[in-house]
Each structure stands twice: as structure tokens, then as C-alpha cells.
């Protein structure tokens, strides 16, 4: 097993142990998707039209809900100091942590999306289109949230401030995620909106760990 794969396995175990984030995220996702149709009313045509936006909004809020434990758990048990002193580049370690966090909290949201789509009057093709966009976009939400988690690590009640900081950064992902899903449901190929969505995730995966590593090292000085 390579050092990176061993690190990934360790981080998955830690992420699974520290908070039940997957269950909390999915339950919150279910709550959002269930309540909004009650507010909209029984108009099935309208519900189908806004279904992708509801699913994306629910996934975004559920992702923000679990980000506060991304780094803070390491600070609480003292392992953050060991991470900062290790020979492995901090940006690489943070990237692995973010990916492990997405596997344990973001991926369950993607898996739940086709089932929750039934509540929004979406057919199978539409549900799979939304799921594909969530699969492409939710990792970008996690890597973006990594920056906020690092910036607010040393602050009391940093979880609320982190959400305030991260939410504006996630708006482009939300816009192009909904746009690409709506285009697919309308019979148009995913095309440019989906390509931009993938590009945003890639940019977040590159910039997020480096920005978070800088914030962590600066905060420890």
C-alpha cells in the first residue's frame, strides 16, 4: 500500500468515526427535499421544473452542515500538530482529507439523490442527470469548504462563520450544477454548463488544499 493510499484509508476511518456525518447529511438532505414541495404546492409541472434546483440546494446545505469537523477533530485530538510536522506536503495531506470527507459525507448525498428525485416528480432519466451533476460538483463544494474550515479553525463558534465565508464561493457551482441538470432534463446535452461545473471542481481541488495549507500554517504562527 502506497503512503497516499494508506493516508486515505486512515482519513476515511477518522471521518467515519468522528461524527456520523453521512447520516446527518442524508437526513438533512431528505428534510430539505421533503419540505420544499409542501411549500410549493401540488403543481407537479412546477415541481419537476424546479426539482434540480431543490436537489442541488439540499446537497449544498447538507455539505456545509458537515464541514465544521473536517479539520477541527484533528486539532482536538492533537493529530494536527503531527500532520504539520510530517514530511508529506501539507497540501497533499489536506487534499486527501477533503477527498476522504467527500467519500463519507458527499458521496452518500449523490447516492440518495435518485431516490429523493421521486419526491420531485422526476423520471429516471432526469434523476440520473441530476445525480451525474451532483457527482461532478459536490467534490468541489468539499474542497471549497476546506478553505473555510482552515480559516476558521482557531475561532470560537467557527462553524457558523465558516458557512458564511464558504457559501458565496459555492454559488458558481450551484448555478452551473442546476443549469447543466436542467439542460439535460430539457433534452439538451449537458454541454458547456457541465464542462464549467467540472472545471470549477478541478479548480477547487487544486486551489483549495494550497489555500487551506497556507491558512493553517499562518494560523499556527
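When each of 61, 80, 35, 55 is tested for being modelled with pLDDT of 85 or more, surrounded by fewer than 18 Cβ atoms within 10 Å (Cβ to Cβ) and either touching a helix residue (DSSP H, G or I) at 6+ places or on another chain (Cβ under 7 Å) or not in a helix (DSSP H, G or I) (or both), the lone residue that passes is 61.
Among the candidates 118, 141, 122, 103, the residue that is modelled with pLDDT of 90 or more and either over 23 Å from residue 169 (Cβ atoms) or within 10 Å of the chain's Cα centre (by Cα) (or both) is uniquely 141. Within the option set 90, 109, 44, being in contact with a helix residue (DSSP H, G or I) (Cβ under 6 Å, 6 or more places away or on another chain) and surrounded by fewer than 20 Cβ atoms within 10 Å (Cβ to Cβ) holds for one residue only, 90.
Tell me whether the stretch 153-172 contains one or more residues that are surrounded by 21 or more Cβ atoms within 10 Å (Cβ to Cβ), assigned to a helix (DSSP H, G or I) and at pLDDT 90 or above.
Scanning the stretch 153-172 turns up at least one residue that is surrounded by 21 or more Cβ atoms within 10 Å (Cβ to Cβ), assigned to a helix (DSSP H, G or I) and at pLDDT 90 or above.
Taking residue 115, is it out of contact with any strand residue (DSSP E or B) (no Cβ under 7 Å at 6 or more places or on another chain), without any contact (Cβ under 8 Å) to a residue 24 or more places away in the chain and closer than 16 Å to residue 31 by Cβ? The answer is yes for residue 115.
Number of residues in the stretch 112-133 that are surrounded by fewer than 18 Cβ atoms within 10 Å (Cβ to Cβ) and in contact with a helix residue (DSSP H, G or I) (Cβ under 7 Å, 6 or more places away or on another chain): the value is 4.
The values are calculated or read from the model by the stated rules, or taken from the named source; none is laboratory data. Predicted, not measured: the structure shown is a model, and the values here were computed from it. Note: ideal-geometry Cβ built from the backbone for every residue, glycine included; neighbour counts use all protein chains shown.
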